[in-house]
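Enquirer: Attaching a single structure in structure tokens format; questions to follow.
The values are calculated or read from the model by the stated rules, or taken from the named source; none is laboratory data. Keep in mind that this is a model prediction, so the values were computed, not measured. Every residue, glycine as well, gets a Cβ built from its backbone with ideal geometry; the counts of neighbours run over all protein chains shown. Accessible surface areas use protein heavy atoms only, side chains included; no ligands, DNA or RNA. Shrake-Rupley method; radii C 1.70, N 1.55, O 1.52, S 1.80 Å.
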Amino acid sequence: MQRSFVRLTHETAEGTASGIYGLIVSAAMLVTAHADRAWREVLAVLVTLTIYWVAERYARIVAERIHEGRRPAWHTVRHQLTHGWELVTASALPLLVLVIVRLAGARMVAAEFAALACCTLLLCVAGWRMGAGGQLTPAERLVSTVTAGAFGAAMIVLKTLLH
């Protein structure tokens, strides 16, 4: 039985969406970063993604209270606080690439471009695999792949223009 990449890394549609969003936010952070050390940039990305995760979870809890007209049950709060971590964890591989390339002696900007390329590749893979899960034709999967990868490519172009 073959399990897809998306199912192995994200058990739910919410997890998949969170992972993709995390990759895009990570890439945006890499574009705008001005850290002189890789560890500072990794820390900035992880702290920012954690803030995004907390804000998203908080918004979901508050929205539920507003729409249901009552305080959310403890199981709802617990669910919100134990889900969506893909937003943060999806950045692990690009940040590892950043650190490895930097430790190999490359300039910081080259390490950032390598991490952005990793983000773009992961987005392309996610787009391709999502197409498989959605039972798309090969042409539709290609469109899904290109669309997902375009987010990463746009970040690379932006980094090039800003640097």
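Enquirer: Give the stretch 122-145 a look and list any residue that's at pLDDT 90 or above, surrounded by fewer than 18 Cβ atoms within 10 Å (Cβ to Cβ) and among the aliphatic types (A, V, I, L, M), or say none.
Expert: Val125, Ala139, Leu142, Val143
Enquirer: Please work out which residue is surrounded by the fewest Cβ atoms within 10 Å (Cβ to Cβ), limiting yourself to the stretch 30-60 and to residues that are among the small types (Gly, Ala, Ser) and closer than 30 Å to Ala114 by Cβ. Walk me through it before giving the result.
Expert: Going residue by residue through the stretch 30-60, those that are among the small types (Gly, Ala, Ser) are 33, 35, 38, 44, 55, 59.
Okay, now just the ones that are also closer than 30 Å to Ala114 by Cβ, so 33, 35, 38, 44, 55.
Working: Ala33: 20, Ala35: 17, Ala38: 20, Ala44: 16, Ala55: 10.
Filtering first and then ranking leaves Ala55.
Enquirer: Please tell me if Ala110 is among the small types (Gly, Ala, Ser), open to solvent by 40 Å² or more (accessible area, probe 1.4 Å) and assigned to a helix (DSSP H, G or I). Before you say what the answer is, go through the steps one by one.
Expert: Working: among the small types (Gly, Ala, Ser): yes; open to solvent by 40 Å² or more (accessible area, probe 1.4 Å): yes; assigned to a helix (DSSP H, G or I): yes.
It is true that Ala110 is among the small types (Gly, Ala, Ser), open to solvent by 40 Å² or more (accessible area, probe 1.4 Å) and assigned to a helix (DSSP H, G or I).
Enquirer: Note down all Cβ pairs under 7 Å where the first residue falls in the stretch 46-69 and is over 15 Å from Val88 (Cβ atoms) and of a type in the set (Asp, Glu), the second is open to solvent by 100 Å² or more (accessible area, probe 1.4 Å) and not in a loop (DSSP other than H, G, I, E, B), and they're at least six residues apart or on different chains.
Expert: Listed by first residue and then by second, the contacts come to nothing, as the list is empty.
Enquirer: In the stretch 61-105, how many residues are in a loop (DSSP other than H, G, I, E, B), of a type outside the set (D, E, K, R) and surrounded by fewer than 16 Cβ atoms within 10 Å (Cβ to Cβ)? Show your work before the answer.
Expert: Step one: of the stretch 61-105, the residues in a loop (DSSP other than H, G, I, E, B) are 69-73, 82-85, 90-91, 104-105.
The next check asks that each one be of a type outside the set (D, E, K, R); those that pass are 69, 72-73, 82-85, 90-91, 104-105.
Those left that are additionally surrounded by fewer than 16 Cβ atoms within 10 Å (Cβ to Cβ): 69, 73, 82, 104-105.
Qualifying residue count for the region: 5.
Enquirer: Among the residues that make up the stretch 56-71, is at least one of them under 28 Å from Val97 (Cβ atoms) and under 24 Å from the mean Cα position of the chain (by Cα)? Let's see the steps before the verdict.
Expert: Taking the stretch 56-71 first, the residues under 28 Å from Val97 (Cβ atoms) are 56-57.
After this cut, where a residue has to be under 24 Å from the mean Cα position of the chain (by Cα) as well, the list is 56-57.
Yes - at least one qualifying residue is present in the stretch 56-71.
Enquirer: Here is a further query. Looking at this structure, is Glu56 acidic (Asp, Glu) and closer than 19 Å to Val31 by Cβ? Full working, then the answer.
Expert: Values: acidic (Asp, Glu): yes; closer than 19 Å to Val31 by Cβ: no.
No, not satisfied.
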